[in-house]
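Here is the structure we will look at, set down as structure tokens.
The values are calculated or read from the model by the stated rules, or taken from the named source; none is laboratory data. Predicted, not measured: the structure shown is a model, and the values here were computed from it. Heads up, the Cβs are rebuilt from the backbone with ideal geometry, glycines too, and the neighbour counts pull from every protein chain shown. Accessible surface areas use protein heavy atoms only, side chains included; no ligands, DNA or RNA. Shrake-Rupley method; radii C 1.70, N 1.55, O 1.52, S 1.80 Å.
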Amino acid sequence: MTLIPFDDRDGFIWMDGKTIPWRDAKTHVLTHGLHYASCVFEGERVYEGKIFKLREHSQRLLTSAELLGFTLPYSLEDIEKATLGIVAKQQIHNGYIRPVAWRGSEMMAISAQQTKIHVAIACWEWPSYFSKEARERGLRLQLSKWARPAPNMAPTASKAAGLYMICTLSKHAAEKDGFDDAMMLDYRGFIAEATGANMFFVIDGALHTPTPDCFLDGITRRTVMELAKKRGIKVIERHIKPEELGNVTEAFLTGTAAEVTPVGAIGDQKFAVGTITKQLMADFSERVLLSS
């Protein structure tokens, strides 16, 4: 597969209040966000030209920045208007949006109170995150050696760039060993999430999902919980131990990139791509087309 570098593409990016040519959207190597992870971001989907859950994603970007100690120089309405504008400019029909905000290069030290806050929004056409084959058979997950940190160790309620370092390490290790992704436990040893998606398990006909008290309560996660309840499926949020996987009959991931993707195995434990998973995949596909 030929990779197209993200810094060398045609099109436009919204950056610091202006729509500029894609290749001109640059930042300095001594940017604080690069050295000290003072950076937050979002991931959003466009379906049939409509952005799914734009308000929720835009608000979370603002909230994540506040959790990292800086305020975006744009309002919620400004961010939404800019997002809609760049999607239209890029003529995105089915794709992905990446808003990102970071501290600039005015100060190079731990303390960075005087740095300028930058915001950019890029978007591009993008198919499913996982291959059709992987989605049909169900993903194979490896148990990661890295754990999600406690809320008093990191701003775990934010979508902060630094929190994804161990996700990259986990996914790289999993792919090296022939897996599709990795399942991460939390600091207490409970099941947390995959490297970029929330997790759901079917046990005795009910849907169980880990309590998001040290990782993101995903927007797609909440949408799927609503869809399940409309179907009369009991939804239980709780702390789940890894040894409970033996009671699981179906498993799947949810996320902006993952959407609803079946899990066929976690380590040696195998699961069916069953009726509840297939139903929620179909319901979610129908739901996103109602986006506004």
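For region 159-170, which positions are more than 17 Å from residue 139 (Cα to Cα) and open to solvent by less than 10 Å² (accessible area, probe 1.4 Å)?
160
Does region 217-245 hold any residues that are under 24 Å from residue 145 (Cβ atoms) and in contact (Cβ under 8 Å) with a residue 60 or more places away in the chain, and which are they?
242
For region 74-93, how many residues are surrounded by 13 or more Cβ atoms within 10 Å (Cβ to Cβ) and not aliphatic (A, V, I, L, M)?
8
For residue 54, work out the one condition from (1) under 18 Å from residue 159 (Cβ atoms); (2) in contact with a His (Cβ under 7 Å, 6 or more places away or on another chain) it doesn't fulfil.
(2) is the only condition that residue 54 fails.
What are the residues in region 107-124 that are farther than 18 Å from residue 160 by Cβ, surrounded by fewer than 19 Cβ atoms within 10 Å (Cβ to Cβ) and in contact with a helix residue (DSSP H, G or I) (Cβ under 8 Å, 6 or more places away or on another chain), if any?
If the condition is that a residue be farther than 18 Å from residue 160 by Cβ, surrounded by fewer than 19 Cβ atoms within 10 Å (Cβ to Cβ) and in contact with a helix residue (DSSP H, G or I) (Cβ under 8 Å, 6 or more places away or on another chain), then 107, 108, 124 are the ones that fit.
Can you say whether residue 44 is touching a residue at least 12 places away in the same chain (Cβ under 8 Å), open to solvent by less than 40 Å² (accessible area, probe 1.4 Å) and of a type in the set (D, E, K, R), as far as the supplied structure shows?
Details: touching a residue at least 12 places away in the same chain (Cβ under 8 Å): yes; open to solvent by less than 40 Å² (accessible area, probe 1.4 Å): yes; of a type in the set (D, E, K, R): yes.
Answer is yes for this residue.
Is it fair to say residue 29 is buried (at least 22 other Cβ atoms within 10 Å of the Cβ) and either touching a strand residue (DSSP E or B) at 6+ places or on another chain (Cβ under 9 Å) or modelled with pLDDT of 95 or more (or both)?
Against the criterion (buried (at least 22 other Cβ atoms within 10 Å of the Cβ) and either touching a strand residue (DSSP E or B) at 6+ places or on another chain (Cβ under 9 Å) or modelled with pLDDT of 95 or more (or both)), residue 29 does not qualify.
Does any residue of region 119-128 turn out to be at pLDDT below 95, within 30 Å of residue 275 (Cα to Cα) and in contact with a strand residue (DSSP E or B) (Cβ under 8 Å, 6 or more places away or on another chain)?
Yes, that holds for at least one residue.
Per-residue answers, yes or no, for (1) modelled with pLDDT of 95 or more; (2) touching a helix residue (DSSP H, G or I) at 6+ places or on another chain (Cβ under 7 Å); (3) not aliphatic (A, V, I, L, M):
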residue	(1), (2), (3)
206	yes, no, no
214	yes, no, yes
229	yes, no, yes
240	yes, no, no
245	yes, no, no
255	yes, yes, yes
267	yes, no, yes
285	no, no, yes
288	no, no, no
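Name every residue in region 55-64 that is touching a residue at least 60 places away in the same chain (Cβ under 8 Å) and either touching a helix residue (DSSP H, G or I) at 6+ places or on another chain (Cβ under 7 Å) or surrounded by 18 or more Cβ atoms within 10 Å (Cβ to Cβ) (or both), in order of residue number.
Matches in region 55-64: 56, 57, 60, 61, 64.
Pull out all pairs, ordered by first then second residue, where Cβ-Cβ is under 8 Å, the residues are six or more apart or on different chains, the first lies in region 4-26 and is touching a residue at least 12 places away in the same chain (Cβ under 8 Å) and within 22 Å of residue 79 (Cα to Cα), and the second is among the aromatic types (Phe, Trp, Tyr) and in a strand (DSSP E or B).
Final answer for the pair search is 11/124; 19/12; 22/12.
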